[in-house]
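Asks: Dropping a structure here in structure tokens format, bear with me for questions.
The values are calculated or read from the model by the stated rules, or taken from the named source; none is laboratory data. Here the structure is a predicted model, which means the values were calculated and not measured. Cβ placement follows ideal geometry from the backbone for every residue including glycine, while neighbour counts extend to all protein chains displayed.
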Amino acid sequence: MSQSFKWREDLSPDLRVQMVDCSNKHWYIFEPVELKSRHIVVPLYFFMEDNKLMARCVKADIQIQSEASRKIKIFIPSKVAFSSTEMKSVDVRDFSLNYAQINLNQYGSLAQACSYKLHEHGNSTHIFPLPNPWRTKAKGMIIRHVPINLYADDTSGNVSKQFNKHMVYYFTLSGLPPRVANMEYNCHFLCTSKTAGALELADQIVDQMNELATEAVMSVVLCFQGDSPMHAEITSTPVPGVALHACRMCTLKAASTKDRKSASYVLQFLGRNAQGSEEPQVLQDWNSIKSKSKLLWIIGKEQTSKQFDDSTAEHGIRDCITCQLVENIRGPEKDDWKKEIDKLEKDNINQEKLFNPFLRLKGFDGCKDTPVEILHVFSLGVIKYMTRDFMQSLTTKKLDQMRHWWAAVNLNGLNIPTINPNYIIKHFKSLVGKDFKMVVQVAPFIFFKFMTPAQRDHWHSLCILSTLVFTNHIENMGRYLEDVRNLFATEKFESFNGIMRLASVHSNRHSPGRDIAISFVNFQSIRLILSGAQLINHQSGQTFHAQPDVTNLFKYNHMI
């Protein structure tokens, strides 16, 4: 939900939805269309509204250039926003003729009269060619716009969930309802490695996503999901818990670690001034992070290590790729590294390999597309530390009383497993995410009896917030958006790590990343066959699919 604005209206013209299929015709953005009312408009956005396919269109400004040569120019507004008053929503079923079919009487074919070009008002250098380049690429086929949610995590390759860490990437298709998106069936493995880091693995992913966005199925990374340290790494910002620049989305900054405990810093963190009025922080700019990353590389290459470290702290930018390269050109093999880096810098295509690969990912803005993640920020953040603080304040006698309250609590309607009171009391410092989700639900019935009025007020607010955070079906969207900021759940990916560990423990250990990838290819093949997917035999060129007897085994068998 938090990225639906981007999908509908915030992607650049070359990355947004390019075409729709309606009435056996293919309609493309930035191509003039004649409506059934005979008006000529230019669709700039396609979207769904009340299960109807709609387009946001501008009126084509047709200007006669020469009556003798029958030439015209068609103008559209420059960089017009989705919500602009210059735009009008039109049902795609009202489209009648595409640009190649429109005839302007004495001027003949519209496409020929305008020389197969659209112009922008006030921007003589920007010309939109006719047809839309994607129509040529499609060759009559339907283009599906399929953005994804990307996820990365460092997870254990052992069943014990300890040691033997693997960096792993998964993705799900964007736009799936939570009930479907949370199924492991709809979570897909991309790659893993025991030795390569998140950004090293991302290099190949970014190259392939850029190719998909511009040449094949239209796919962009709608958002990147992960915990705070992972978000910090892929956005080239410091880990927030120990940094002076504690936010990847805004310019919140402290002069020193000591100042992070000051009242003025807390007010800035909350977006308030000294009087308590709203005063939001200035938002971070992704292009600024890109330019600062390149500046820091020059500093790291030409100046001392201390100057590089100081500049990194001052700007609040930490590109792990750049930091490693700066370390390498000062290490024992510095001469070899300098030769390799000189080659990269002279290569216009590959010189971007010197930086975080996400800086070159098309359609991705690290400041906007890394939504706050519920598990680590809320469950393993606020709830975890408030629970620990409260439990540590209780005497042994009160803890014993609380044990009986835990045993007596009625779990009907809470959709949580049986509670082990002894475990909760004894191991409250070792609880995991699902435990804290349970704690926040039962806190009013158990904790409040042992709390001071101030603690009760804090937990009352926390419980209200939790109902908003964990909601997956929203009746009153307007009211909900007023009450809570955008958050994202990643539990589906965390649970999918179990399948990765299953593949890991069956690897030969000589090349675990390769073995795991082969296992997931086999899993995916079985998944496609048992789902009845249409597959192609690359040797014969023929398609095939599993018979109903195979798919029905899983479709109608409730035991599986």
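Asks: Which number in (1) farther than 23 Å from Asp153 by Cα; (2) in contact with a Lys or Arg (Cβ under 7 Å, 6 or more places away or on another chain) marks the one condition that Ile298 misses?
Replies: Failed condition: (2).
Asks: Looking at Lys161, Lys117, can you tell me which residue is at pLDDT 90 or above, surrounded by fewer than 16 Cβ atoms within 10 Å (Cβ to Cβ) and charged (D, E, K, R)?
Replies: On the way: Lys161 fails: at pLDDT 90 or above.
Of Lys161, Lys117, the one residue that is at pLDDT 90 or above, surrounded by fewer than 16 Cβ atoms within 10 Å (Cβ to Cβ) and charged (D, E, K, R) is Lys117.
Asks: Here's another thing I want to ask about it. Looking only at segment 1-53, filter to residues that are part of a helix (DSSP H, G or I) and not acidic (Asp, Glu); which one of those is surrounded by the most Cβ atoms within 10 Å (Cβ to Cβ)?
Replies: From segment 1-53, those part of a helix (DSSP H, G or I) are 4-10; that's our starting set.
If we keep only those that are not acidic (Asp, Glu) as well, we get 4-8.
Details: Ser4: 13, Phe5: 12, Lys6: 20, Trp7: 18, Arg8: 17.
By that ranking, first place goes to Lys6.
Asks: Follow-up question, since we're still on this one. Given the options Leu399, Leu380, Leu375, name the one that is assigned to a helix (DSSP H, G or I), surrounded by 12 or more Cβ atoms within 10 Å (Cβ to Cβ) and more than 37 Å from the chain's Cα centre (by Cα). Talk me through it step by step, then tell me what you get.
Replies: Values: Leu380 fails: more than 37 Å from the chain's Cα centre (by Cα); Leu375 fails: more than 37 Å from the chain's Cα centre (by Cα).
Every option except Leu399 fails the conditions.
Asks: Pick out the one residue from Phe30, Phe47 that is in the same structural domain as Phe128 (by TED's automatic domain parsing), of a type in the set (Phe, Trp, Tyr) and at positive phi. Let's see the steps before the verdict.
Replies: Numbers: Phe47 fails: at positive phi.
The match here is Phe30.
Asks: For segment 65-83, what are the residues that are free of Cβ contacts under 8 Å to residues at least 40 places away in the same chain, surrounded by fewer than 17 Cβ atoms within 10 Å (Cβ to Cβ) and touching a strand residue (DSSP E or B) at 6+ places or on another chain (Cβ under 7 Å)?
Replies: If the condition is that a residue be free of Cβ contacts under 8 Å to residues at least 40 places away in the same chain, surrounded by fewer than 17 Cβ atoms within 10 Å (Cβ to Cβ) and touching a strand residue (DSSP E or B) at 6+ places or on another chain (Cβ under 7 Å), then Gln65 is the only one that fits.
Asks: Could you say which residue among Phe364, Phe358 is assigned to a loop (DSSP other than H, G, I, E, B), modelled with pLDDT of 90 or more and closer than 26 Å to Ser4 by Cβ?
Replies: Details: Phe358 fails: assigned to a loop (DSSP other than H, G, I, E, B).
So the residue among Phe364, Phe358 that is assigned to a loop (DSSP other than H, G, I, E, B), modelled with pLDDT of 90 or more and closer than 26 Å to Ser4 by Cβ is Phe364.
Asks: Could you count how many residues in segment 328-357 are out of contact with any Leu (no Cβ under 8 Å at 6 or more places or on another chain), polar (S, T, N, Q) and surrounded by 14 or more Cβ atoms within 10 Å (Cβ to Cβ)? Spell out the reasoning first.
Replies: Of the residues in segment 328-357, the ones out of contact with any Leu (no Cβ under 8 Å at 6 or more places or on another chain) are 328-336, 338-340, 342-343, 346-349, 355.
Next, only the ones that are polar (S, T, N, Q) stay: 328, 348.
Subsequent filtering for residues that are surrounded by 14 or more Cβ atoms within 10 Å (Cβ to Cβ) retains 328.
Summing the residues that are out of contact with any Leu (no Cβ under 8 Å at 6 or more places or on another chain), polar (S, T, N, Q) and surrounded by 14 or more Cβ atoms within 10 Å (Cβ to Cβ) in segment 328-357 gives 1.
Asks: Considering segment 511-560 alone, what residues qualify as being closer than 28 Å to Arg501 by Cβ and either touching a strand residue (DSSP E or B) at 6+ places or on another chain (Cβ under 7 Å) or part of a loop (DSSP other than H, G, I, E, B) (or both)?
Replies: As a first pass, look at segment 511-560 and keep what is closer than 28 Å to Arg501 by Cβ: 511-531, 533, 553-554, 557-560.
Residues satisfying the conditions are Ser511, Gly513, Ile516, Ala517, Phe520, Leu528, Ser531, Ala533, Asn557, His558, Met559, Ile560.
Asks: For segment 265-289, how many residues meet the condition of being exposed (fewer than 13 other Cβ atoms within 10 Å of the Cβ), assigned to a strand (DSSP E or B) and touching an Asp or Glu at 6+ places or on another chain (Cβ under 7 Å)?
Replies: Looking only at that region, the number is 0.
Asks: In addition: Quick one: is Ala216 out of contact with any Leu (no Cβ under 7 Å at 6 or more places or on another chain) and farther than 30 Å from Asp309 by Cβ? Talk me through it step by step, then tell me what you get.
Replies: On the way: out of contact with any Leu (no Cβ under 7 Å at 6 or more places or on another chain): yes; farther than 30 Å from Asp309 by Cβ: yes.
The answer is yes for Ala216.
Asks: Here is a follow-up. Looking at segment 210-264, which of the residues that are without any contact (Cβ under 8 Å) to a residue 40 or more places away in the chain and touching a Pro at 6+ places or on another chain (Cβ under 6 Å) is surrounded by the fewest Cβ atoms within 10 Å (Cβ to Cβ)?
Replies: Restricting to residues being without any contact (Cβ under 8 Å) to a residue 40 or more places away in the chain and touching a Pro at 6+ places or on another chain (Cβ under 6 Å), the top hit is Val239.
Asks: Something else now. Can you tell me how many residues in segment 402-452 are in a loop (DSSP other than H, G, I, E, B), modelled with pLDDT of 85 or more and surrounded by 14 or more Cβ atoms within 10 Å (Cβ to Cβ)?
Replies: Summing the residues that are in a loop (DSSP other than H, G, I, E, B), modelled with pLDDT of 85 or more and surrounded by 14 or more Cβ atoms within 10 Å (Cβ to Cβ) in segment 402-452 gives 3.
Asks: Could you pull out the residue among Thr136, Thr172 that is surrounded by 14 or more Cβ atoms within 10 Å (Cβ to Cβ) and at pLDDT 90 or above?
Replies: Details: Thr136 fails: surrounded by 14 or more Cβ atoms within 10 Å (Cβ to Cβ).
The match here is Thr172.
Asks: Let me ask something else about it. Just checking, does segment 304-327 include any residue being exposed (fewer than 11 other Cβ atoms within 10 Å of the Cβ) and at pLDDT 90 or above?
Replies: Taking segment 304-327 first, the residues exposed (fewer than 11 other Cβ atoms within 10 Å of the Cβ) are 306.
If we keep only those that are at pLDDT 90 or above as well, we get 306.
Yes - at least one qualifying residue is present in segment 304-327.
Asks: Of the residues that make up segment 341-355, is at least one of a type outside the set (A, V, I, L, M), in a loop (DSSP other than H, G, I, E, B) and within 22 Å of the chain's Cα centre (by Cα)?
Replies: Start the filter on segment 341-355 by keeping residues that are of a type outside the set (A, V, I, L, M), which leaves 342-343, 345-348, 350-353, 355.
Next, only the ones that are in a loop (DSSP other than H, G, I, E, B) stay: 347-348, 350, 355.
Okay, now just the ones that are also within 22 Å of the chain's Cα centre (by Cα), so 355.
So far as segment 341-355 goes, yes, one or more of its residues are of a type outside the set (A, V, I, L, M), in a loop (DSSP other than H, G, I, E, B) and within 22 Å of the chain's Cα centre (by Cα).
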